[in-house]
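Here is the structure we will look at, set down as C-alpha cells.
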Amino acid sequence: MADTVLFEFLHTEMVAELWAHDPDPGPGGQKMSLSVLEGMGFRVGRALGERLPRETLAFREELDVLKFLCKDLWVAVFQKQMDSLRTNHQGTYVLQDNSFPLLLPIASGLQYLEEAPKFLAFTCGLLRGALCTLGIESVVTASVAALPICKFQVVIPNS
Amino acid sequence: MAVCIAVIAKNYPLYIRSTPTENELKFHYMVHTSLDVVDEKISAMGKALLDQRELYLGLLYRTEDYKVYGYITNSKVKFVMMVDSSNTALRDNEICSMFRKLHNSYTDVMCNPFYNPGDRIQSRAFDNMVTSMMIQVC
C-alpha cells in the first residue's frame, strides 16, 4: 500500500485549490466548495464500497454495514480503526475518531476550529458513498469540538 | 462456457450479452424470471439465520435447454449466467470462479472514473472478459 501521507498531501491540496479559486468569500461560495468536496468523496466512496467488501460475505443488517465502515473502510483509508460507534438504534449513528489523520497535522486543541469543516467534507462524502453502494441512503455530517477529535453523524431515514 | 451473461442492478440491467444473437429476447425473458428466484433465495437465507451469507447463490433453476446460475454482490448487484444443459462438464466450482472473475471485472468498471454508477456498462475490457467466458459460435 502506498504511504499514507500521499493521500493526506493530496487531500490538503484539494482543499487549498478549491478555496484559492473561490472569489466569493460569502457563505454561498463556501457551501459550493464544500459540496464539491463532498461529491468527490461520494464517488470515491462508491468505488471503495464496491471494492473493499469483495471477499467478505454478505452483510446481514445495517449495524454490520456500519461496523464494516468503522473497521475495514477506516483501516483501508486511514490505517486505523474508528475509535467509537454509538447508535440510538433508530437510524442515527455517531462515529467518533479521537485522532483523525486529516486533522492531526493542523492543530491540537481549539486553534483553526473554523477551518476544520473543510477538511471533513471529503470524508463525509466517502462515508455516504460507501453506504450508498451497500444499499443505504443516508445523510452524513461531521462536527469538531476540539481538533483532532471529530464525530461523524450518520442519519438513515426510514430505518 | 456460458450462453448468456447478465449484470443487473436494482431494477434494470446494466449489461446483457448472449451468444446466439438471434432469439435474444428469449434470453432476456429468462434472465428476468430468474430475478424472482434470486430474491427468493436471498430472503430464505436471511431467515435461516446463517452466520453469514454466501455471495454465490448456486443453481437457480433449470429448464430443458438451459441451467441458470446466480451470484449477488454486497452492493445488491446480481450476476446471472445461463449455461447449456447439455454441457455437463462444467462443475459448480468452475461456475463459482467465473462469477468471481465477473465480480472482479465489475469492480474495475466501478472504479473507472469515466463510469457513472447506474449507467449501462460500455467498457471494452469488461466486454472482452465476458467474451472469453462465452462459447464461440461459428
Whichever residue in region B:74-97 is buried (at least 22 other Cβ atoms within 10 Å of the Cβ) and within 14 Å of chain A (Cβ to nearest Cβ) and, among such residues, is farthest from B:Asp119 (Cα to Cα):
B:Asn74
Is there a residue being assigned to a loop (DSSP other than H, G, I, E, B), over 16 Å from the mean Cα position of the chain (by Cα) and more than 10 Å from chain A (Cβ to nearest Cβ) anywhere in region B:105-115?
yes
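Would you check if there is a residue in region A:67-77 being buried (at least 19 other Cβ atoms within 10 Å of the Cβ), assigned to a helix (DSSP H, G or I), touching an Asp or Glu at 6+ places or on another chain (Cβ under 6 Å) and not hydroxyl-bearing (Ser, Thr, Tyr)?
no
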Kindly list, by first and then second residue, each pair from a residue in region B:102-130 that is within 17 Å of A:Leu134 (Cα to Cα) to a residue that is of a type in the set (Asp, Glu), limited to pairs with Cβ atoms under 6 Å and residues at least 6 apart or on different chains.
B:Thr107/A:Glu50; B:Met110/A:Glu50
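Taking region A:56-66, which residues are in a loop (DSSP other than H, G, I, E, B) and surrounded by 18 or more Cβ atoms within 10 Å (Cβ to Cβ)?
A:Phe59
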Given the structure, is A:Leu103 assigned to a loop (DSSP other than H, G, I, E, B) and buried (at least 19 other Cβ atoms within 10 Å of the Cβ)?
yes
Residue count, region A:135-146 (criterion: buried (at least 17 other Cβ atoms within 10 Å of the Cβ), out of contact with any Phe, Trp or Tyr (no Cβ under 7 Å at 6 or more places or on another chain) and touching a residue at least 24 places away in the same chain (Cβ under 8 Å))
2
Which condition number does B:Arg100 fail, the rest of (1) part of a helix (DSSP H, G or I); (2) of a type in the set (D, E, K, R); (3) away from chain A (no Cβ under 14 Å) being met?
(3)
Top-ranked residue of region A:46-55 - restricted to ones that are at the interface with chain B (Cβ under 7 Å from one of its Cβ atoms) and surrounded by fewer than 20 Cβ atoms within 10 Å (Cβ to Cβ), ranked as farthest from B:Lys41 (Cα to Cα)
A:Arg51
Taking the stated definitions as given, is B:Met45 among the hydrophobic types (A, V, I, L, M, F, W, C) and over 22 Å from B:Gly118 (Cα atoms)?
yes
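Rule-based calculations on the coordinates, nothing more; no lab input. Just so it is clear, the model here is predicted, and its values are computed rather than measured. Positions of Cβ are generated from backbone atoms using ideal geometry, with glycine treated the same way; all protein chains shown enter the neighbour counts.
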